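For reference, the structure is listed below as structure tokens.
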Amino acid sequence: MAKYAELLPRFLKYVRVETRSDPESSTIPSTPKETAFLQRLATELQDIGLSDVRINPKNSYLLATIPSNLGESSKIPTIGFLAHIDTADFNAHGVNPQVVKSYDGHSKIPLGKNGQYQLDPAEFPALKNYAGQTLITTDGTTLLGADDKAGVAEIVTMAEYLMAHPEIKHGTIRIGLSPDEEIGTGADHFDVTDFNADFAFTVDAGPLGELEYETFNAAAATIDIAGKDVHTAVAKGAMVNAIQLAIDLHELLPEHDRAERTEGREGFYHLYRLDGTVDHATMKYLIRDHDKAIFEDRKQHLRAVVDRINQRCGADRVHLTLRDQYYNMREVLEKHMDVVELAKAAMEDLGIKPVIYPVRGGTDGSTISFMGLPTPNLFAGGENMHSRYEYVSLQTMEAALDVLLKINALNVENHIK
Ligand SMILES: [Zn+2]
């Protein structure tokens, strides 16, 4: 008998619904499929008996409240739990999850029937951690969408569990399920006042124990280069080849500081797009660093490199647009370490070793923390996210749910004693 009977069926139901977000869209949410799924979840939360269930029309966050059962006078901080309903930039049409019961920890798991793809422990060594567990995988044609429907299923099941067990005491709990995390825009429209929590957690990190409160500082750079195309026969001294300027510019950036050559706390300039003709070229970079000062230096260095190319040209041929995307939430969380400690204590009480390391990316919590709501990221369970090799363990999902309930319990204990 599963610990939380509805967790697995609920998760399987969710992943079958296509909710891939669309980076080209300018609507909120970016696709009507996300709206449909959010409405369906709203009905489910109402049926479970939650209060104030509504979709904020401005940001499309689905919000709901589990009211405190401690009486009006109690001063227990309100905890928020957040997860995103959209899936990443990979085929999500017709997700057909496979359930592998009592995995042996060493066999290859075929994905689908044609044998083209498989989960092989030689390639994915983390599989060895799951001996004896129930794994949910894809059929090889799509991603799974455990990122972040594992988080959504865990939060909804937590709500259902608490509503079914009024003897478990808890403060006010706020739930926020959001669109468009994967395209990096969902949290931009988050409304801290409307959400009305004292602190929150996104349930969107990976395997057992992950607890993230340090992310990159991030900026995006677009560089437009105007060349001058003339016939090659008479090019000398007249042609300005925009592609060559792009190459020259890239070579002025530090050779080591690339995504594929860095790890840990090392930052980088990541050239991820280059389009060019002699007449015109466009370069797109991601700039990343955990350290705010070095992050600012990196942007300054790119500006200086652009200036240098322009000076060489004797004209403003290169134009740089820089946009900050998100910042390292550690800057905020350092002032609210009690929130991180609460999550740590919950895991330790349950015998789960917290796994804390600086994330080489961002989470919705990076944006939301800087809006004034401290929001670290808790594990939801997924492995190999954003790919056909994505999988999740049911036991890890159950452990994530245990952690959510334990966080609520410790929050009460810490303030009633
Ligand atoms: Zn995610």
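Grab every C-alpha pair in segment 217-326, bin the distances at 5 angstrom width from 0 up to the longest one, and report whole percents.
For segment 217-326, the binned pair fractions read 2, 12, 22, 23, 17, 11, 7, 4, 2, 1, 0 percent.
Report P(r) for the chain: all Cα-Cα distances, bin width 10 Å, range 0 to the bin holding the largest distance, values in whole percent.
The distribution over the chain is 5, 20, 28, 23, 14, 7, 3, 1, 0, given as percents.
With a 10 Å Cβ neighbour count serving as the proxy for reagent exposure, in which order, fewest first, do V392, V99, V306 appear?
Details: V392 31, V99 11, V306 21.
The fewest-first ordering by Cβ neighbours comes to V99, V306, V392.
Just give me a number: lysine pairs in segment 217-326, eight or more positions apart or cross-chain, with C-alpha atoms less than 23 Å apart.
Numbers: K228/K236; K228/K284; K284/K292; K284/K299.
Going through segment 217-326 pair by pair, I get 4.
What is the order of L378, L111, fewest Cβ neighbours within 10 Å to most?
L111, L378
So how long is each side of segment 325-378 along the principal axes, counting just the alpha-carbon atoms, biggest first, in Å?
Ordered largest first, segment 325-378 gives principal extents of 36, 21, 14 Å.
Among the aspartates and glutamates, select those whose C-alpha is under 20 Å from the C-alpha of K108, and discard any that sit fewer than 8 residues away in the same chain.
D120, E123, D139, E383, E390
In whole angstrom, how far apart do the alpha carbon centroids of segment 272-293 and segment 141-175 sit?
Measuring centre to centre over Cα atoms gives 39 Å.
Have a look at segment 308-417 and give its Rg and Dmax from the Cα atoms, expressed in angstrom.
20.5, 72
Hey, what do the phi angles of segment 190-203 turn into as Karplus ³J(HN,Hα) couplings, whole Hz, using 6.51/-1.76/1.60 and θ = phi - 60°, x for Gly and Pro?
4, 10, 4, 5, 5, 6, 6, 10, 8, 7, 8, 10, 7, 10
Quick one: give the max-minus-min coordinate of the C-alpha atoms of segment 53-168 along each principal axis, largest first, in Å.
Principal-axis extents of the Cα atoms in segment 53-168, largest first: 59, 35, 21 Å.
In terms of Cα to Cα distance under 19 Å, which lysines are near enough to K58, apart from those fewer than 8 places away along the same chain?
Qualifying lysines at Cα under 19 Å: K33.
Please go through the residue pairs K3/K353; K101/K128; K3/K149; K13/K128; K353/K406; K13/K344 and name each one whose alpha carbons sit more than 25 Å apart in this structure.
Where the Cα-Cα span goes over 25 Å, the pairs concerned are K13/K128; K13/K344.
Considering amide H positions built from the backbone, and no H for Pro or chain starts, which residues 5 or more places from N69, or on another chain, come under 5 Å of its amide H?
Answer set, sorted by chain and number: H170.
How much net charge surrounds M371 when only other residues with a Cβ under 12 Å from its Cβ are counted (Lys, Arg +1; Asp, Glu -1)?
Net of charged neighbours comes to -4.
Can you put H386, H106 in order of Cβ neighbours within 10 angstrom, beginning with the fewest?
So the ranking, lowest neighbour count to highest, is H106, H386.
Where a number appears in this text, it was derived from the coordinates with a stated rule and is not lab data. Keep in mind it's a predicted model, so treat the numbers as computed, not measured. Every residue, glycine as well, gets a Cβ built from its backbone with ideal geometry; the counts of neighbours run over all protein chains shown.
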